[in-house]
Amino acid sequence: MCGIIGYIGKNCEKVLLTGLKRLEYRGYDSAGMTVSRDGEFVTYKEVGEVKNLEKIVSLSEDFGYGIAHTRWATHGSISLENTHPHFSANGSVALVHNGIIENFEELKNDLLAKSIRFYGQTDSEVVAKMFDKLNINSLRYVLKRLVGSYALVLLSKDGEQLYFAKNRSPLYVARGEDCVMIASDPSCFVDFADSYFELEDGDYGKISLKNDVFYNKNDEKIEKMPKKIDFNFLSEDKSGYEHYMIKEIYQSRLVLESLIERYQTTNLKAKLEEIKHLEFDRIYLVGCGTAYHAGLVGQSYLNERFNIDTFCDIASELPNKNYNIDSHSLCIFISQSGETADTISALKFCKERDAHIVALTNVEYSTIAHLADINLPIFAGQEKSVASTKAYFAQCVTIYILSCFLQGKDYVEPLKIFKNHIDFGDDNELKKLAKVVARYDKVFFIGRGKDYITSQEVSLKLKEITYIFSTAVASGELKHGSLSLVDDKFLTVVISSDKEQFAKTLSNAYEIKSRGGKLLLITSLFVDSDVRGNFDYVLEVPKTENDLLPMQIILPLQKLAYFTACERGNNPDKPRNLAKSVTVE
């Protein structure tokens with residue numbers, strides 16, 4: 001999940017730092033940079049965010065060759081010795097790496113037997129130590145020995161080019177007017193180049209100011225066609241908000257406006273029509289974390305509207321299930337970044353079985369969008385906070401649009417009505433509740449139907465950014481084991497928006513109350529004084545069309561999680577141990 005960038009040109013350090021800031025969503029455990037000038041390396045490394053590295057880097061306007069890295073730790077502790085770039089034993093080759101080398105221990109033992117010494121514990125250092133010189137032949141030799149995922153960029157002290165290789169981790173190449181670049185995300189190229197080259201798995205080669213050389217996995221020299229950069233990198237500030245997370249929650253209304261507008265265009269209606277005319281008798285929705293929860297919302301829509309088997313599963317588990325995935329299956333893969341490694345593997349699994357592949361992504365140039373037969377963009381815009389908010393909202397709305405279209409039902413008017421009545425909740429009320437939630441170390445979320453799905457997503461948000469142990473339980477399942485955990489130190493958040501299920505959900509909540517647990521009710525239904533008297537706290541949310549309630553209820557609850565994180569002194573934008581884009585399995 002690391003971010004890597006390479007650059008040849010003037011203002012090398014400044015450009016590399018700019019790229020690292022754009023890539024920091026991929027990891028912020030540590031950051032490092034190596035620049036080569038006049039046959040010598042200058043290296044900077046710092047633990048923590050890119051801003052820490054920026055403080056120690058000496059800027060130069062001179063021409064240089066450089067590579068840089070922002071790390072999300074997989075092998076080895078968060079320390080300077082494990083911070084990239086890593087170096088060959090003779091110090092002549094520097095390397096940055098994103099991915100996981102599965103056979104690194106075997107490779108390391110071979111090097112140890114040759115008296116090669118290591119200063120850290122990373123698999124990436126093992127790859128660096130496999131070089132004593134850098135050229136296409138040495139790169140080709142090393143690549144044939146690697147098992148796993150990698151995006152590599154390498155630099156030699158005496159070279160005038162950067163070498164690269166890609167397998168199951170994103171990597172792109174671009175050429176500007178007087179510079180060349182390599183990066184994990186083509187957003188790094190905005191303002192420096194007009195087009196970029198997309199690398200396929202197994203591709204490798206070298207770039208310099210003079211030319212590009214590309215090889216495929218069969219060691220054949222190939223030509224690449226450039227793709228125009230037709231997107232913007234919005235280097236937005238917080239616009240007066242304390243954190244990106246709260247800003248992005250409030251941007252959900254703008255996202256909805258964009259989705260309503262875009263999904264009335266001829267181009268996107270044609271994509272929806274194409275899906276409608278596919279032949280399939282089963283639907284699979286696949287994602288990880290928040291995207292999986294969006295898939296569950298989508299499954300509820302599709303199950304309610306069609307007489308067709310619809311399944312939703314976690315991407316990492318899909319290949320382990322005995323699903324009958326074939327040419328009659330419609331598989332919908334959901335990913336904010338479009339680079340989620342588990343989801344990519346599941347997509348390839350389904351593609352090998354001739355399934356119809358649809359992607360719901362926020363990044364139209366991403367791997368998942370590229371591999372899909374049809375890509376449905378969610379138009380959430382850049383999301384900087386690690387905890388996904390507006391992207392989840394956008395994923396749910398996009399699946400709602402798809403389900404309506406497949407049913408032949410209008411989605412524009414209901415969404416317009418919803419847009420005009422969106423309610424983000426009262427800050428003062430939510431902050432008071434956050435003070436309450438912040439006191440607990442254990443929190444249950446319970447609900448039925450779509451409310452249970454919302455419970456799962458809010459529980460994930462709370463644990464992500466507050467570090468409170470939180471779990472979601474289907475209301476009816478409480479008495480089948482989980483009730484044993486309840487005591488007076490336990491808070492249960494009850495989500496109930498379904499009138500038909502309200503009485504049963506209340507009954508489950510009262511079981512918790514009778515055992516000393518504290519209760520917070522979140523509801524869009526009328527609550528009389530008798531019911532209120534059984535709850536310690538009640539939060540009312542506006543009523544809206546039933547299908548759209550998951551998108552309404554989630555907004556104040558995202559804010560509740562946010563305010564709770566702030567109350568506990570956490571940075572909700574950058575929770576510990578997590579990164580925005582999960583590019584390793």
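Taking LYS21 as the anchor, which aspartates and glutamates have their alpha carbon closer than 15 Å to its alpha carbon, excluding any fewer than eight residues away along the same chain?
Answer for LYS21, where 15 Å is the Cα cut-off: GLU13, ASP29, GLU46, GLU49, GLU54, ASP185, ASP191, GLU236, ASP237, GLU383, ASP573, listed by chain and number.
DSSP loop GluC sites (Glu not before Pro) in region 125-222 with at most 11 other Cβ atoms within 10 Å of their Cβ, which ones?
GLU177, GLU220
Which value, in debye to the nearest 20, describes the size of the charge dipole of the chain about its Cα centre when Lys and Arg Cβ atoms bear +1, Asp and Glu Cβ atoms bear -1, and nothing else is charged?
Dipole about the Cα centre, nearest 20: 840 debye.
Too long at a 26 Å Cα-Cα cut-off: which of LYS432/LYS574; LYS51/LYS210; LYS45/LYS114; LYS416/LYS543; LYS133/LYS206; LYS247/LYS416?
From the list (LYS432/LYS574; LYS51/LYS210; LYS45/LYS114; LYS416/LYS543; LYS133/LYS206; LYS247/LYS416), the Cα-Cα distance tops 26 Å for LYS51/LYS210; LYS45/LYS114.
Do you know the relative contact order of the chain, to the nearest whole percent, from alpha carbon pairs under 8 angstrom that are 6+ apart?
Relative contact order, the chain: 11 percent.
Long-range amide H contacts for LEU519: which residues qualify at under 5 Å (H placed 1.01 Å from N, peptide plane, sequence gap of 5 or more or a different chain)?
Distant-sequence amide H within range of LEU519: THR492, ASP536, TYR537.
Based on the mean of other Cβ atoms within 10 Å per residue, sort peptides 91-103, 252-264, 372-384 so the most packed one is first.
91-103, 372-384, 252-264
With charges only on Cβ, +1 for K and R and -1 for D and E, what is the dipole size of region 54-147 about its Cα centre, in debye, rounded to 20?
280
To the nearest 20 Debye, how big is the dipole of region 375-515 about its Cα centre, given +1 on the beta carbon of each Lys and Arg and -1 on that of each Asp and Glu?
220
As a test of reading the structure, rank VAL363, VAL142 by solvent-accessible area (1.4 Å probe, protein chains only), most first.
VAL363, VAL142
Over region 285-380, give the accessible area per residue in Å² for a 1.4 Å probe, as an integer.
On a per-residue basis, region 285-380 sits at 33 Å².
Over 32 Å between C-alpha atoms is what I'm after, so list which of LYS419/LYS499; LYS271/LYS499; LYS269/LYS463; LYS351/LYS580; LYS55/LYS217; LYS228/LYS419 land there.
LYS271/LYS499; LYS269/LYS463; LYS55/LYS217; LYS228/LYS419
What's the ranking of 162-173, 432-443 by average number of surrounding C-beta atoms within 10 Å, highest first? Spell out each step's value before the answer.
Details: 162-173: 24.9, 432-443: 17.2.
With the highest mean Cβ count within 10 Å placed first, the list reads 162-173, 432-443.
Find the Rg to Rh ratio for region 488-549, where Rh is the Kirkwood radius over alpha-carbon pairs and Rg uses the same atoms.
Rounded to two decimals, Rg/Rh equals 0.97.
Leaving out ligands, DNA and RNA but keeping every protein chain, what accessible area does ILE553 have, in Å² rounded to the nearest 10, with a 1.4 Å probe?
0
Would you list which lysines come within 18 Å of LYS276, measuring only between C-alpha atoms, while excluding same-chain residues fewer than 8 positions from it?
By straight Cα distance, LYS276 reaches LYS409.
If you look at just the Cα atoms of the chain, how large are its Rg and its Dmax in Å?
Cα-based Rg and Dmax for the chain come out at 25.3, 80 Å.
In Å², and per residue, what accessible area does region 47-93 have when probed at 1.4 Å with the other protein chains present?
Heavy-atom SASA per residue in region 47-93 reads 42 Å².
Would you calculate a helix-derived [θ] at 222 nm for the chain, using -39,500 (n - 2.57) for each DSSP H run of n ≥ 4 and dividing by the full residue count, to the nearest 500?
-10000 deg cm²/dmol
Just going by the charge dipole of region 386-454, with Lys and Arg at +1 and Asp and Glu at -1 on Cβ, which of TYR411, VAL436, GLY447 is farthest out on the positive end?
Toward the positive end, the furthest listed residue is VAL436.
Considering only THR70, LEU199, ASN307, whose Cα is most displaced toward the positive end of the charge dipole of the chain, charges sitting on Cβ of Lys, Arg (+1) and Asp, Glu (-1)?
THR70
Carbon and sulfur together cover what percent of the accessible area of the chain at a 1.4 Å probe radius?
Whole-percent figure for carbon plus sulfur exposure: 46.
If I take all pairs of Cα atoms in region 385-478, what percentage of them are more than 18 Å from each other?
When every Cα pair of region 385-478 is considered, 62 percent fall beyond 18 Å.
Along the charge dipole of the chain, pointing to its positive end and built from +1/-1 on Cβ of Lys, Arg, Asp and Glu, which listed residue (LEU171, GLY99, ILE8) has its Cα farthest out?
After comparing all options, I get GLY99.
Starting from the Cα of LYS221, draw a straight line to each of the aspartates and glutamates and keep only those under 18 Å, dropping any in the same chain fewer than 8 residues away.
Cα-Cα hits under 18 Å: GLU198, GLU200, ASP201, ASP203, ASP212.
Relative contact order of region 176-227: what whole-number percent is it, with Cα pairs under 8 angstrom and at least 6 residues apart? It would help to have the intermediate numbers written out before the result.
Numbers: 55 pairs, mean separation 16.2, N = 52.
About 31 percent, as a whole number.
The values are calculated or read from the model by the stated rules, or taken from the named source; none is laboratory data. On a predicted model such as this, the values are computed, not experimentally measured, just so you know. Neighbour counts are summed over all protein chains in view; Cβ atoms, including those assigned to glycine, are modelled from backbone coordinates with ideal geometry. All accessible areas refer to the heavy atoms of the entire protein, side chains included, with ligands and DNA or RNA removed. Shrake-Rupley method; radii C 1.70, N 1.55, O 1.52, S 1.80 Å.
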